[in-house]
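Read through the structure below, which is laid out as structure tokens, and then see the notes.
The values are calculated or read from the model by the stated rules, or taken from the named source; none is laboratory data. It should be emphasised that the depicted structure is a prediction, and the values quoted were computed from it without experimental measurement. Methodologically, a virtual Cβ is constructed for each residue, glycine included, from the backbone with ideal geometry; neighbour enumeration extends over all protein chains shown. Side chains are part of the model used for accessible areas, which takes the heavy atoms of the whole protein and leaves out ligands, DNA and RNA. Shrake-Rupley method; radii C 1.70, N 1.55, O 1.52, S 1.80 Å.
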Amino acid sequence: MLVAGARPNFMKIAPLYWELSKPGSRLVPVILHTGQHYDDNMSDEFFRDLSLPSPDFHLGIGSGTHSQQTARIMEAFDRVLNESRPDAVIVVGDVNSTLACALVTAKVNFTPDAYSRPLIVHVEAGLRSFDGSMPEEINRRVTDQLSDLLFVSEPSGIENLRREGFSHVIEGVDLRQGQILPDHPSPSSLPLVALVGNVMIDCLVRMMPVVKKKNPFTRLGFSRDPDRPLVLVTIHRPSNVDHAENLAQMMETLFALAREAQVIFPVHPRTRKRLDSINRLDRPGLHLVEPLGYLDFLALQTRASLVITDSGGIQEETTALGVPCLTIRENTERPITIFEGTNRLVRNDRVAILESVRDVLSIGECRGKCPKLWDGRAAERIVGVIERVLLHAH
Ligand code: UD1
């Protein structure tokens, strides 16, 4: 059972769904959508873009405080899990849906006289920002503690999990030798941590031919200004948008930037709500638009001279695409995007951001390489390991 709830989950379950659906696969995928995100452009459009079937189960949870949302997902998921009894529950990333479904699966018991529950699989395990004020950090830590199979996208994740006491570790699942695990895992080798690469990049690699043909400006209804660099912006994290001062600071920066660049800012619903309190947002060169679908957004990323973001996944996509990225945060749980990729951390300060923008744009070319195992085959490695573990268990 593949669990998805919020926008950044859909492109992570897609490669797993495709892999599990291949002819000859010995596992049958079902999709469960918690409904954490529900607007068409935050959810359904992604299913269409990725040619995913409608979810087999939809919990229709919607918005609320973190605790309300998590609790509602847990109650509804408990019912579905007990009725459908999958062999494995795969959760991805770090959103509230990830934590809620992992926790329910850890506590379910299908047979009264023996402990029997689905295997808990966490894809994108081990990432740590070491910032306990981020809801995602709490979700990641707890989910990892509950999981049986922990699939990691970059070496920092392996180090973090080792430090937290995980001892069964595969440093890199090797497909070439067809040798997925050193030997058949017994239940005692769980929890098992494995470096497999990045499913989000699998999705990007697979969709790139379609993305290259796509003109995102058709949908946007305005054209590319060929005389100015294109800067793509996404900002939605509570730390940047929930405090009026921080959001105002960000908007001032974008107003200044729009004098030199064509700035496109697809506005997340959380940010949109907060922006209502700012009076005049229209400036020449600054385009505030509705959230975009997966393909349109990727098409814009490939054309951008620079991306400014506070998202997790976009730090990785820009690194894979070789597009410079400024991340408006104090920390990142994805350090490889800085050490090897194209990412830079900048604090939410107008002068600091504008300086970094000029610096990046004046270099003109991008330094950085695509991390090891971000090769479009992470889902293959993951499904290979899950198959071995499940078939061994039966
Ligand atoms: C969630 C994730 C975050 C991820 C982000 C991507 C958690 C803790 N956070 O944050 O990690 O980066 O998704 O988008 O799970 N809303 C709508 N329509 C929707 C969805 C949300 O209008 O389809 C509005 C609601 O008013 C809601 C607010 O956006 O209260 C925030 O949504 P929520 O799911 O609570 O968290 P995100 O900020 O989207």
- [ ] Check Gly24 against each of (1) more than 24 Å from Met208 (Cβ to Cβ); (2) at pLDDT 95 or above; (3) not charged (D, E, K, R) and name the one condition it does not meet.
- [x] (2)
TODO: Search segment 127-155 for residues that are closer than 20 Å to Glu380 by Cβ and pair each with any residue that is within 14 Å of the ligand (Cβ to nearest atom) and part of a loop (DSSP other than H, G, I, E, B) when their beta-carbon atoms are under 7 Å apart and the residues are at least 6 apart or on different chains.
DONE: Glu154/Arg334
Open item on the list: What's the number of the only condition in (1) out of contact with any His (no Cβ under 9 Å at 6 or more places or on another chain); (2) charged (D, E, K, R); (3) under 30 Å from Lys369 (Cα atoms) that Asp113 fails to meet?
Closed with: (3)
Open item on the list: Of all residues being within 25 Å of Asn41 (Cβ to Cβ) and over 25 Å from the mean Cα position of the chain (by Cα) in segment 222-250, which is surrounded by the most Cβ atoms within 10 Å (Cβ to Cβ)? Just the residue, please.
Closed with: Arg224
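Quick grid of which residues meet (1) surrounded by 18 or more Cβ atoms within 10 Å (Cβ to Cβ); (2) at pLDDT below 95; (3) over 27 Å from Pro15 (Cβ atoms):
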residue: Val211; (1), (2), (3): yes, no, no
residue: Ala261; (1), (2), (3): yes, no, yes
residue: Val267; (1), (2), (3): yes, no, yes
residue: Lys273; (1), (2), (3): no, yes, yes
residue: Ile278; (1), (2), (3): no, yes, yes
residue: Leu286; (1), (2), (3): yes, no, yes
residue: Leu292; (1), (2), (3): yes, no, no
residue: Gln301; (1), (2), (3): yes, no, no
- [ ] For segment 355-371, indicate whether the set of residues that are within 24 Å of the chain's Cα centre (by Cα) and either more than 19 Å from Glu317 (Cα to Cα) or free of Cβ contacts under 8 Å to residues at least 24 places away in the same chain (or both) is non-empty.
- [x] no
TODO: Looking only at segment 110-135, count how many residues are surrounded by fewer than 20 Cβ atoms within 10 Å (Cβ to Cβ), in contact with a Ser or Thr (Cβ under 9 Å, 6 or more places away or on another chain) and either of a type in the set (Ser, Thr, Tyr) or outside any loop (DSSP other than H, G, I, E, B) (or both).
DONE: 3
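So, Asn343, is that one open to solvent by 20 Å² or more (accessible area, probe 1.4 Å) and at pLDDT 95 or above or not?
Here the answer is no, as Asn343 does not meet what is asked.
Restricting attention to segment 257-275, which residues are outside any helix (DSSP H, G or I) and either more than 10 Å from the ligand (Cβ to nearest atom) or aromatic (Phe, Trp, Tyr) (or both)? Reasoning before the result, please.
To start, the set of residues in segment 257-275 that are outside any helix (DSSP H, G or I) comprises 258-268.
If the condition is that a residue be outside any helix (DSSP H, G or I) and either more than 10 Å from the ligand (Cβ to nearest atom) or aromatic (Phe, Trp, Tyr) (or both), then Ala258, Arg259, Glu260, Ala261, Gln262, Val263, Ile264, Phe265, Pro266, Val267 are the ones that fit.
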- [ ] Could you tell me which numbered condition Glu333 fails, if it satisfies all but one of (1) without any contact (Cβ under 8 Å) to a residue 40 or more places away in the chain; (2) open to solvent by less than 30 Å² (accessible area, probe 1.4 Å); (3) among the acidic types (Asp, Glu)?
- [x] (1)
Open item on the list: Among (1) open to solvent by less than 30 Å² (accessible area, probe 1.4 Å); (2) within 14 Å of the ligand (Cβ to nearest atom); (3) of a type outside the set (S, T, N, Q), there is one condition Arg141 misses while meeting the rest; what is its number?
Closed with: (1)
Open item on the list: I'd like to verify a number: residues in segment 226-250 that are part of a strand (DSSP E or B) and farther than 16 Å from Asp310 by Cα, how many?
Closed with: 1
Task: Only one of Ser311, Ser305, Ser239 that is away from the ligand (no atom under 12 Å from the Cβ) and among the small types (Gly, Ala, Ser) - done: Ser305
- [ ] Mind checking which helices (runs of 4 or more DSSP H) fall wholly inside segment 1-109 and carry at least 2 residues that are away from the ligand (no atom under 16 Å from the Cβ) and either touching a strand residue (DSSP E or B) at 6+ places or on another chain (Cβ under 8 Å) or in contact (Cβ under 8 Å) with a residue 40 or more places away in the chain (or both)?
- [x] 7-20, 66-84, 96-107
Task: Single match in Leu298, Leu292, Leu232 (criterion: within 14 Å of the ligand (Cβ to nearest atom) and under 22 Å from Asp49 (Cα atoms)) - done: Leu292
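Given the structure, is Arg72 over 18 Å from the mean Cα position of the chain (by Cα), among the basic types (Lys, Arg), closer than 19 Å to Leu99 by Cβ and open to solvent by 50 Å² or more (accessible area, probe 1.4 Å)? Outline the logic, then answer.
On the way: over 18 Å from the mean Cα position of the chain (by Cα): yes; among the basic types (Lys, Arg): yes; closer than 19 Å to Leu99 by Cβ: yes; open to solvent by 50 Å² or more (accessible area, probe 1.4 Å): yes.
The answer is yes for Arg72.
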